[in-house]
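For reference, the structure discussed in these notes is given below.
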Amino acid sequence: MAKFQIGDQADPAEELEFLLRYNAFDYQREGQRFRLVFSERGRKWETICACMEQAVLIYGYYPFRVADRARATALCEEINRQVLFGSMMTWKERVVFRTGADLFDAYSAYEHIGRALEYNASVVMRFWEGLAGCANRKSGDPDRTSDS
C-alpha cells in the first residue's frame, strides 16, 4: 500500500527533490544543497535549502546589499518579534530569512518541507519594502528594489 510507515525516517534531500520536481521548480543541486530562484510581483530572490540529518534549513536571500547595517539590524530585530518561525538576519552584507523543516518521519516530510518553503517566501515578500530601504542605491534609483 504505502511506501512507508508512520515513524520511518525521511531522507531530507530525497523528499525535497521530490517536492521540487513534482511542483516543476527549477533548481540546482550540489550534494545536500539546493539552489532556487523565486520571483513574485517583479521581485526575485535566491533561496538555498541545506539538507541536514532529519531537517531542511531554508535561507531566503534578498538580492540587494545592505548599506545601512545598523538600520538593517534594527529592522531584523523588529521582524523577528513578528514572525513565528525562523529568523531574519544580516550576513555578509545581505539580509537573509532562515527557517527550517524538522522531518520527524517520512509520512509528514513532504508537507513540512512545502510549508517551510511557502512560509519562507511569504516572509521574504512581506518585509521586502522595509528591508530594501537599507540597500545600496545610487542617487535617483527608485525606492522599489527588484532584479527583473
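Laboratory data are not the source of any read-out in this text; all were calculated from the coordinates shown. Since we're looking at a predicted model, the values are computed, not measured. Methodologically, a virtual Cβ is constructed for each residue, glycine included, from the backbone with ideal geometry; neighbour enumeration extends over all protein chains shown.
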Relative contact order for the chain: what is it in percent, counting Cα pairs under 8 Å that are at least 6 residues apart?
27
Going by average Cβ neighbours within 10 Å, how do the peptides 86-92, 36-42 rank, with the highest at the top?
86-92, 36-42
Correct option for percent of Cα pairs over 18 Å apart [calculated from the coordinates] among (i) 58; (ii) 54; (iii) 64:
(i)
Karplus couplings for region 58-64 from phi (6.51 cos²θ - 1.76 cosθ + 1.60, θ = phi - 60°), rounded to Hz, Gly and Pro as x?
10, 10, x, 9, 5, x, 9
Tilt of helix 69-82 relative to the longest C-alpha principal axis of the chain, in degrees (0 to 90, nearest 10)?
50
